[in-house]
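This report concerns only the one structure given below.
What follows is calculated from the coordinates using simple rules that are stated; it is not laboratory data. Treat the numbers as computed from the prediction; the structure is a model and nothing was measured. Methodologically, a virtual Cβ is constructed for each residue, glycine included, from the backbone with ideal geometry; neighbour enumeration extends over all protein chains shown.
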Amino acid sequence: MSPPTLIDTHPDLSGTAPLALSYELFPPRSPAAAETLWHTIRELEATRPDYVSVTYGANGSTRDTAVELVNRLLTETSLRPLAHLTCVGNTPQELADIIGELLDVGVRGILALRGDHSKDAIAAVPGALRYAQDLVDLIRRVEQRRSALLCAGKVAIGVAAYPTRHPESPTEEHDIEVLLAKQRSGADFAITQVFFHTEQYADLVIRARRAGVTIPIIPGVMPLTSHRRVTRLGELTGVEPAPKLLSSLAGAETAAERLEIGVRATVDLANAALDAGAPGLHLYTFNEHQSALDVLDRLDLPRHARRSRSIRPAAIRHAASGRQQTDQDLIVQQ
Ligand code: FAD
């Protein structure tokens, strides 16, 4: 009998892959906010997400609180952090130092962003990186220098993608060219900006795939349960909220009615993205768990049975002793 061919022994991969689930958090601005955030973190942890992302203020304005939150997630929870990093307002050397610091505490995923700035801010920092693409290049260079410490493993790099035109872009086609450039520089996946119309995610993916973008594009979905927040985010991001949703939220007579309207609209958005083949869902939580959990309850996500990692005893010891973990510590603990 001849030995089995590669095809004979190849595992069956035809089944549906589990969907990724992740949440966005931001560093707390006060002790009271930290307390609320940690309650939220524990609630979200119970849903066993694949990672939670931690935002980073443009110009490094939240550097210390962001790194502290990432560190605490690593040492006190079973969650894997994806650290956002913005390049605007920092020199390449400062950014290389921050990237090194993140890798040293055990971060293995970075969302590389430009951040928002005034035009003067770029001129003020000599040698500043102009675009997120440059930050992707820099992260890969730092990773290369630490290859042995990472056991030659890779840092997962995410980037932003835009279902509607980025406010500074001339066209949506230009946005796709930029996404392609970020992929060429070494981005592994993208998370989208908020969007408010069901067809916008599918449209982005179709345009991106036609242009040669092959990396996963994960829809970033915001629970649409607060009129004030939807309006504010629309202003901040330049993404126009659906007028019908805004008037429904404004017309709700009770908080329960508003929640119902918002959760239903969010579930419709998420389902449209999943129907379009989204590989997962990234929920913008605004550090609150309730609407995110309500949305999840209504979605029937095929999830893997990820066993929760128990908190690593060595990690707790290091945290208690104040000693920073080395890459070797992390390798031993895994
Ligand atoms: P880039 O990809 O650099 O694009 C910025 C602009 O420059 C675009 O108009 C693009 O078309 C143009 N551009 C890019 N490359 C080139 C090129 N080579 N030639 C010509 N033009 C080019 N902001 C924060 O401050 N902190 C956060 O934590 C944060 N998290 C975010 C998370 C997600 C998922 C998303 C979608 C956005 C987030 N933002 C955050 C906002 C983000 O910083 C802004 O949207 C910012 O305006 C653009 O960032 P970018 O990474 O897309 O930049």
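Observations
- Between Ser30 and Thr254, full extension at 0.36 nm per residue minus the direct alpha carbon distance yields a gain of 77.7 nm.
- Calculated [θ] (222 nm, deg cm²/dmol) that DSSP helices of n ≥ 4 give over the chain, each run adding -39,500 (n - 2.57): -14500 deg cm²/dmol
- Prolate/oblate/rounded label for region 182-246 (Cα gyration tensor, a/c 1.5): prolate
- Fully extended contour minus Cα-Cα distance, from Glu240 to Ala46, at 0.36 nm per residue: 66.5 nm
- Region 130-187 - Kirkwood radius from inverse mean 1/r over Cα pairs (Å): 12.5 Å
- Contact order for the chain, expressed relative to its length and based on alpha carbon pairs under 8 Å spaced 6+ residues apart, stands at 20 percent.
- Once you divide the Cα radius of gyration of the chain by 2.2 N^0.38 Å, the number left is 1.03.
- Calculated FRET efficiency for the pair Ser61/Thr231, C-beta based, R₀ 25 Å, to 0.05: 0.60
- With distances taken between every two different alpha-carbon atoms, region 139-262 has a Kirkwood hydrodynamic radius of 16.5 Å.
- Once the chain from His10 to Gln144 is taken as fully extended at 0.36 nm per residue, the excess over their C-alpha distance is 45.0 nm.
- Low-density loop cleavage sites - trypsin sites (Lys or Arg not before Pro) in region 152-200, where at most 13 other Cβ are within 10 Å (DSSP): Lys154
- Average 1/r across all pairs of distinct alpha carbons in region 62-191, invert it, and you get the Kirkwood radius: 15.4 Å.
- Extending 7 Å from the Cα toward the beta-carbon at both Arg303 and His197 defines two label points whose distance is 3.2 nm.
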